[in-house]
Structure formats: C-alpha cells, structure tokens
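Trainee: Please see the structure below; I have some questions.
The values are calculated or read from the model by the stated rules, or taken from the named source; none is laboratory data. What you see is a predicted model; the values in this text were computed from it and never measured. Counting neighbours? That spans all protein chains shown, and the Cβs are built from the backbone with ideal geometry, glycine included.
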Amino acid sequence: MNYQNAQFFTSFGRLSQMPPSDRVEIAFSGRSNVGKSSLLNKILNRKALARVSSMPGKTVTINFFSLENVFFVDLPGYGYAKVSKREKEKWGELIGGYLNDGERQLELVFQLIDIRHAPSKEDIMMINFLIDNEIPFVIIFTKADKLKPSKREERMQGFAREIPCFEQITSIVASTVTGEGIEEIREIIEEVAEGAEIYHLPPDANDDYEDFYDEPSDDEPPQGFGGGYLRPNRK
C-alpha cells in the first residue's frame, strides 16, 4: 500500500450521520492523549493528516481516512477527566454505537495504551468489550521512546498481570519518534486489507462514488488477516 496516498474522508459527530459501511474498516481506540493521531500520521507517512489536538478530550468526532480499499477510523479519545459529564456520555455513545454496529465491515481494532502507565479502568473496559463481542484487536503500546529498557521490561511484566488474556493477545511496542513497531503495524494492516475491494477515491471525497476494481469472485476464499490477535472461540 502506498500510505502517502491516504486522504481525509469525513468526520461524524453523530451515529445517525454515518453512511452504511462500504469497505473494510480498521479502527484506532484509546484514551485521550495516548497518541492516536500521531500514530496514524506516522503509519500513513504524513505529518499532519490526522490533527493532533493541543487539548486532550477536544475531539468528539469519529474521523475517517481513506486509503485504497480501507477506511482508517479514528475513534474519539476517552477517559479525559476535565470534560463535562455530557461530553463523556457523547464519547460513550459514539464509540459504543460504532463498535456495536454489526453492519459495519470492522475487521480490526488497534487498542492503544501508553506504555508508561498501567491500563486505566476505561482501557480494561474496552479490552473486555472487544473480547466479549469477539472483535479482533491488537494492543499497541505507545510512547516507547519515553522509557528506558529496564522500565519498559517492568511495565510489560505489569501488563501481563493487568490485562485480561494478555498472553493470547498480539501486542506491539511502538514509538512515533523512533519508528519502532510501525512496519509491524503496517504488515498487519496489509494482511487485513488483502483480498478486499479496491476503491477509487474521487476528487471530492464527500460525493457519492461507486467505481472500484479487483473485486474478488464469489468463490474466492477471504484473504484477510487470519490470526495473531485475539479472536475468542465461542461455543
């Protein structure tokens, strides 16, 4: 994938505004100030495609970025204390409503956690939600450049105790400063996208569009990312 071809598509502040899902979606979830926008910019090899807010908790929209056959979905950051109760409720409605929408082609969630700190109550709630709803996900530990190796090892041992089913979950240690983990994340993205329909993004991304190519035949087996992250087996 040519990541530099990624474009901002649109934002939605209400679930009722979102159109039906027409392609594979990969979502990015995490607390406010965990580095979601910075990570997206690094993955997409762009400096400011995803806006980095100077004020945590300011973003209360779901932002879509388009690249070939994939939407990258930047979910609102959660857990910031210095916002109103109504704003927190709005976060919950947007995030929960999006993740609970069974009609969306959500193939994977990257759940971001700051490697410097133990997971918050909201982080654990999100992980348990993803497990309980059998939504495939990968944990990305951000801001790795801010810890010395000994402290990093200490925190990773802590995460093994603090995060449910940790040994069954693929996790990646990443840094937008050093580039650590970025290629590993891209490899997973490309495996998820493999075999999906490829869409042409029109000049005006907000107009309706239908053109695409490389549509897989009906008898062709799915080629998407097939393992390595937690997908619980339910009886």
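Trainee: For Lys121, are the conditions met, namely being over 24 Å from Thr10 (Cβ atoms), out of contact with any strand residue (DSSP E or B) (no Cβ under 9 Å at 6 or more places or on another chain) and modelled with pLDDT under 95?
Mentor: In short, yes.
Trainee: Within the range 20-32, restricting attention to residues that are surrounded by fewer than 19 Cβ atoms within 10 Å (Cβ to Cβ) and not charged (D, E, K, R), which residue is farthest from Phe71 (Cα to Cα)?
Mentor: The residue in question is Pro20.
Trainee: Further question: Evaluate the range 130-149: report whether one residue or more is surrounded by fewer than 13 Cβ atoms within 10 Å (Cβ to Cβ) and among the small types (Gly, Ala, Ser).
Mentor: No: zero hits.
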